[in-house]
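Everything below concerns the one structure shown next.
The values are calculated or read from the model by the stated rules, or taken from the named source; none is laboratory data. Since the structure is predicted, the reported quantities are computational estimates derived from the model, not experimental observations. Here the Cβ positions follow ideal geometry from the backbone for every residue, glycine too, while neighbour counts run over all protein chains shown.
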Amino acid sequence: MDKTVVLIQDNEEILDIMDEVLKDEGFEVVSSLTTEPIEKLDEIEPDIVIIDDHIKGNKTGSEVIAELKSDPETEDVSAVLTSTSLDLPSKAKDCNADDYIEKPFDIDHMIDVVKKNSSL
């Protein structure tokens with residue numbers, strides 16, 4: 001059975017690259033430039049959520065992850081924060097993210113992080 005990834009990024013080019021790479025690795029990917037898929041997690045049932053901290057909308061990615069991790073319905077879904085921010089490691093820790101991917105990222109590193117965190 002394929003692992004399902006919800007992928008939310010602020011940059012369409014990066015979203016497309018990550019989407020394509022993850023699909024090539026055998027993942028089912030639900031990708032978006034908005035947080036719309038977060039509202040449908042109970043339908044999507046993802047193994048992992050990858051979200052950029054600077055997403056469009058009224059919440060940051062770290063705020064979305066903090067909410068996921070504080071909700072008993074979604075606390076077990078792996079969450080990975082992405083950003084160009086220099087303080088990404090501490091931001092990820094503060095919102096209880098399972099991991100983080102610094103941008104710009106190495107494709108192989110991204111794949112490793114996703115595989116590691118989707119098999120928890």
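All conditions but one from (1) in contact with a strand residue (DSSP E or B) (Cβ under 8 Å, 6 or more places away or on another chain); (2) assigned to a loop (DSSP other than H, G, I, E, B); (3) among the small types (Gly, Ala, Ser) apply to Ser85; the one that does not is (1). If I filter region 67-79 for residues that are under 21 Å from Ser119 (Cβ atoms) and in a strand (DSSP E or B), do I get at least one hit? Yes, region 67-79 has at least one match. Any residue in region 91-101 that is assigned to a loop (DSSP other than H, G, I, E, B), in contact with a Pro (Cβ under 8 Å, 6 or more places away or on another chain) and either of a type outside the set (D, E, K, R) or crowded, with 20+ Cβ neighbours inside 10 Å (or both)? The answer is no, given that none of the residues of region 91-101 is assigned to a loop (DSSP other than H, G, I, E, B), in contact with a Pro (Cβ under 8 Å, 6 or more places away or on another chain) and either of a type outside the set (D, E, K, R) or crowded, with 20+ Cβ neighbours inside 10 Å (or both).
Only residues that are part of a helix (DSSP H, G or I) and touching a helix residue (DSSP H, G or I) at 6+ places or on another chain (Cβ under 7 Å) were counted across region 19-29, and they come to 2. Val49: under 15 Å from Ser118 (Cβ atoms), surrounded by 13 or more Cβ atoms within 10 Å (Cβ to Cβ), at pLDDT 95 or above and not hydroxyl-bearing (Ser, Thr, Tyr), yes or no? Criteria met by Val49. Would a scan of region 62-80 turn up a residue that is at pLDDT 95 or above, surrounded by 22 or more Cβ atoms within 10 Å (Cβ to Cβ) and under 19 Å from Asp106 (Cβ atoms)? Checking region 62-80: at least one residue is at pLDDT 95 or above, surrounded by 22 or more Cβ atoms within 10 Å (Cβ to Cβ) and under 19 Å from Asp106 (Cβ atoms). Taken over region 81-90, the residue count meeting the criterion of being out of contact with any Phe, Trp or Tyr (no Cβ under 7 Å at 6 or more places or on another chain), crowded, with 17+ Cβ neighbours inside 10 Å and hydrophobic (A, V, I, L, M, F, W, C) is 0. Taking every residue in region 78-91 that is more than 11 Å from Val49 (Cα to Cα) and pairing it with any residue that is part of a helix (DSSP H, G or I) and not acidic (Asp, Glu), at least 6 positions away or on another chain, the pairs with Cβ-Cβ distances below 6 Å are Lys91/Ser62. Residue check: is Ile55 assigned to a strand (DSSP E or B) and touching a Ser or Thr at 6+ places or on another chain (Cβ under 7 Å)? Spelling it out, it is not the case that Ile55 is assigned to a strand (DSSP E or B) and touching a Ser or Thr at 6+ places or on another chain (Cβ under 7 Å).
Which one of these is buried (at least 18 other Cβ atoms within 10 Å of the Cβ), more than 23 Å from Leu86 (Cβ to Cβ) and not small (Gly, Ala, Ser): Val21, Val29? Answer to the check: Val29. Residue by residue through region 99-120, note down the ones that are over 14 Å from His54 (Cα atoms), charged (D, E, K, R) and in contact (Cβ under 8 Å) with a residue 24 or more places away in the chain. Matches in region 99-120: Lys115 only.
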